[in-house]
1. Could you go through segment 31-50 and let me know if any residue there is in a loop (DSSP other than H, G, I, E, B), crowded, with 17+ Cβ neighbours inside 10 Å and either under 11 Å from the mean Cα position of the chain (by Cα) or at pLDDT below 95 (or both).
2. Looking at (1) assigned to a helix (DSSP H, G or I); (2) within 19 Å of Asn88 (Cβ to Cβ); (3) under 12 Å from the mean Cα position of the chain (by Cα), which is the one condition that is false for Glu62?
3. Being in contact (Cβ under 8 Å) with a residue 60 or more places away in the chain and within 15 Å of the chain's Cα centre (by Cα): is that true of Val13 here?
4. Name the single residue that is surrounded by the most Cβ atoms within 10 Å (Cβ to Cβ) among those in segment 51-70 being among the hydrophobic types (A, V, I, L, M, F, W, C) and free of Cβ contacts under 8 Å to residues at least 24 places away in the same chain.
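The values are calculated or read from the model by the stated rules, or taken from the named source; none is laboratory data. Keep in mind the model is a prediction, meaning the values are calculated, not measured. Note that each Cβ is placed from the backbone with ideal geometry, even for glycine, and that neighbours are counted across all protein chains shown.
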Amino acid sequence: MKIIWSPLAIERVTEIAEYIAFDNPTAAQNWVEQVFTKVGLLRSSPKMGRIVPEIEREEIREILYGNYRIVYHLSVQKISILTVRHGNQILPEEKISA
């Protein structure tokens, strides 16, 4: 299955990595690699993520990596990575576009 990253998701990964890199550039690089590895697992198991509790729509799901939520939209033909957010942040539906 095809995975497409939204500009917002790429921006968020970049921002988080830059923040981590202030203290530990190697950890930042490892974090980014692991995020992409985790997302890559969706190709073979697209429903492995849970339904986002705040939104409660079958097609809007999330996988967790450390303290972060990787939110994606699942359709028949593709997986769209919508955003990456800290686990403590509530995800308002209007902040994502599928």
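1. yes
2. Every listed condition holds for Glu62 apart from (1).
3. Taking the combined requirement at face value, the residue satisfies it.
4. So, considering only residues that are among the hydrophobic types (A, V, I, L, M, F, W, C) and free of Cβ contacts under 8 Å to residues at least 24 places away in the same chain, the one surrounded by the most Cβ atoms within 10 Å (Cβ to Cβ) is Ile51.
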